[in-house]
Amino acid sequence: MTREQKNKVSAILRYIVLIVVGIIMVYPLIWMVGATFKTNSEIFTSAWFIPKNPVFDGYNDAFKSYGGKIDLIKSMLNTYKIVIPKVIFTLISATICGYGFGRFEFKGKNVFFALMICTLFLPQVVLNAPQYIMFNKWGWTDSYLPLVIPSLFACDTYFLYMIIQFLHNVPRELEEAAKIDGCTSLQTLWYVIVPMLKPTLVSCALFQFMWTSNDFQGPLIYISTMEKYTHSIYLRMSMDGDVGFQWNRILAMSLISIIPSLIVFFCAQGSFVDGISAGGVKG
């Protein structure tokens, strides 16, 4: 067998392995789509995704309100009242703060950077009690403020760290040229740095979008009014363990809830992969 034939066989085997692994990874989602058309008994007796006797009760019941106060659409709108401003605030604050750490020298920089890195290892559960006490004293409980406002101050350290790492790969000569042309620091950031940060900013936005959309603990702690519940709480509230529930309805609501995240991810997946690759390399 020639070297060219060996390379072809090797490529075919790699693609076969990748296809098999891809099917295994995607099959739960495919099964979930099929299960939305199954009855409870068929869901627990068949692992095949195609329903034998399709029913549409799950989608018919998915949009029914819970006690007349909240429904799936309203809970999704409540979710994106948190997600959209949080994504925007995170990008703005992390970019400005990351630019300061990555390009300026100031007294105590190393100490502040070390403290910032330490917060990456601090579990959120440790902060829940003191944060709740603080926000409760400020009168922010039962509102979205405790979930959104901290993002204005670059409290999401992971995104800040991603941007700082990417800045190590941006040539300083570009900023020097902008300075010669008369640009201020903010103008350099906006016209030179931000366009080059696009892949990393897209990655940060996607991570924050998905994490905030799936957040259950945060809204559960701070939101007490049913009309303000997010879809993660609404889904859990719809699962009444005392009287039983329709799994096809729960799966249908879950599928509808993740559609916006899937659309956003597939629209930005190219920049997302570039941002992850660039953010993990230190020049």
Subset of the stretch 113-150 [farther than 19 Å from Thr90 by Cα, among the aromatic types (Phe, Trp, Tyr) and assigned to a helix (DSSP H, G or I)]: Tyr132, Phe135
Leading residue by the ranking (farthest from Ala205 (Cα to Cα)) among those in the stretch 81-135 that are of a type in the set (Phe, Trp, Tyr) and open to solvent by 40 Å² or more (accessible area, probe 1.4 Å): Phe106
Could you tell me whether any residue of the stretch 161-172 is under 30 Å from Met76 (Cβ atoms), of a type outside the set (Val, Ile, Thr) and touching a residue at least 40 places away in the same chain (Cβ under 8 Å)? yes
Whether any residue in the stretch 1-23 is part of a helix (DSSP H, G or I), surrounded by 16 or more Cβ atoms within 10 Å (Cβ to Cβ) and under 27 Å from the mean Cα position of the chain (by Cα) is what I want to check. no
Just for the stretch 52-67: of the residues that are assigned to a loop (DSSP other than H, G, I, E, B) and farther than 19 Å from Lys38 by Cα, which one is modelled with the lowest pLDDT? Gly67
Does the stretch 68-80 contain any residue that is surrounded by 11 or more Cβ atoms within 10 Å (Cβ to Cβ), assigned to a loop (DSSP other than H, G, I, E, B) and of a type outside the set (A, V, I, L, M)? yes
Any idea which of (1) open to solvent by less than 30 Å² (accessible area, probe 1.4 Å); (2) under 23 Å from the mean Cα position of the chain (by Cα) is the one Asp156 doesn't satisfy? (1)
In this structure, is Pro146 in contact (Cβ under 8 Å) with a residue 40 or more places away in the chain, buried (at least 16 other Cβ atoms within 10 Å of the Cβ) and under 20 Å from Phe209 (Cα atoms)? yes
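The values are calculated or read from the model by the stated rules, or taken from the named source; none is laboratory data. The structure displayed is predicted, hence computed values, not measured ones. Here the Cβ is made from the backbone with ideal geometry for all residues, glycine too, and neighbour counts use every protein chain on show. Accessible surface areas use protein heavy atoms only, side chains included; no ligands, DNA or RNA. Shrake-Rupley method; radii C 1.70, N 1.55, O 1.52, S 1.80 Å.
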